[in-house]
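Have a look at this one.
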Amino acid sequence: MTTATALVEPVTVAGLPLNSQFVMAPMTRERSPHGVPTPEVAAYYRRRAENGVGLIITEGVLVDHPSAGHQPAVPRLTAGAAEAGWRHVTSEVHAAGGRIAAQLWHLGSRREPAGTAWTPQTMSGPDFDTLIRAYAESARVAVRAGFDAVEVHAAHGYLLDEFLWPVTNPSRRHLSFPADVIRAVRAEIPACTPLIVRFSQFKERDYSARIASTPAELGVSLEGFRQAGADVLHASQRRFWEPAFAGSDRNLAGWAKHLTGLPSITVGSIGLTRDFATSDRMRELVDRRTSGEYDLIALGRVLLGNPSWVSLADAGRFDELRDYHKTDEELYF
Ligand SMILES: Cc1cc2nc3c(=O)[nH]c(=O)nc-3n(C[C@H](O)[C@H](O)[C@H](O)COP(=O)(O)O)c2cc1C
């Protein structure tokens, strides 16, 4: 029995039975030519599902609109070849006993205009309806392709987060757009399919950015997500042990759960060094989970270079774990 063993226990979250409390965090890979995931993508996710990850959240997958992103090898969620590719991915993960959620992504103004017919512009009335429909359509494709859940990406400064962040939305207009998207996705997927919403304070272009300076402000956004149909909140944070607000040790996932009553997923710098699995931080990760601060634990970078991190940490095979290196981001298998 190792410290990690406590987290490799079955759990049911938002009605979805999982064989472990570990989640694979969404990580862009750019290995899907023309937006179509290949058999290698399926094998990549299957390997993590075979090794103790209960729920895989895919890399960001572009929703069904040409403005969603510019990278040709980022996967899409559209009917046809991409849907067939995803069906293969989901069946491989299911064959390994895992569950898988599709992360719905639109880059917003982070999309590079070069080489595309779309240039960043201020959204007007019809654009909102068009993009809401694009998210809903992709959610429908995700369910058809066999996904167990969908995650709406409203973090890191991309489209939906641009409405939440005062720097990109100083007038605070259209604040309800992210919730409108969540509502449309919820209406499109079966009631038994969990809808996860990922949000963050920080942005990729500004680690000190905040969408909320107080718990009360955060509560307004998150309660809007809950009322629109979110079942699980995924609080993206760079280090899970850091308090989200002064005056309490609670992290961002802890506040999300406390403010809304919804189950939450924590993430941030878990397992990056070889000795993490036997460290006090690992014990803290388990203790906070046991006390109910959050429900699930997402692993990002550690799973790039250590596809078997969970099963090795569970089995006490610590000498087979390796430190994370930035070059791991180039690794695929
Ligand atoms: C290569 C790479 C790609 C990522 N792509 C995404 C993405 O597509 N969507 C997303 O929400 N987060 C993305 N992230 C953030 C991760 O999901 C995760 O929150 C972050 O890596 C912190 O977790 P970690 O410290 O365990 O790596 C990415 C991170 C990395 C390293």
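The values are calculated or read from the model by the stated rules, or taken from the named source; none is laboratory data. Since we're looking at a predicted model, the values are computed, not measured. A quick note on method: Cβ atoms are made from the backbone with ideal geometry, for glycine too, and the neighbour counts reach across all protein chains shown. These accessible areas exclude ligands, DNA and RNA; they are computed on the full protein's heavy atoms, side chains included. Shrake-Rupley method; radii C 1.70, N 1.55, O 1.52, S 1.80 Å.
Could you please state how large a percent of the accessible area of the chain is carbon and sulfur, counting protein chains only and using a 1.4 Å probe?
So the carbon and sulfur contribution to the accessible surface is 51 percent.
Which whole-number percent of Cα pairs in the chain have a distance greater than 34 Å?
18
What relative contact order, as a whole-number percentage, does segment 174-333 give when Cα pairs under 8 Å and 6 or more residues apart are counted?
Once divided by the residue count of segment 174-333, the mean separation gives 18 percent.
Would you kindly state how much longer the chain becomes between Asp127 and Thr12 on full extension, computed as 0.36 nm times their sequence separation minus their alpha carbon distance, in nm to one decimal?
Here the segment from Asp127 to Thr12 would lengthen by 37.6 nm.
Take Ser91 and Thr168, extend 7 Å from each Cα along the Cα→Cβ direction, and tell me the distance between the two endpoints in nm.
3.7
Could you give me the ³J(HN,Hα) list for segment 227-243, computed from phi with Karplus coefficients 6.51, -1.76, 1.60 and θ = phi - 60°, whole Hz, x at Gly and Pro?
The phi angles translate into 5, 7, x, 5, 9, 9, 10, 10, 8, 6, 9, 7, 9, 4, 7, 7, x Hz.
Using a probe radius of 1.4 Å on heavy atoms only, what accessible surface per residue do you get for segment 3-330? Whole Å² is fine.
With the other protein chains kept in place, segment 3-330 gives 39 Å² per residue.
For the chain, give the magnitude of the charge dipole about the Cα centre (Cβ charges: +1 Lys/Arg, -1 Asp/Glu; no others), in debye to the nearest 20.
The dipole of the chain has a size of about 240 debye.
Then there's this: If I take every Cα pair under 8 Å that is 6 or more residues apart in the chain, average their sequence separation and divide by the length, what percent do I get for the relative contact order?
18
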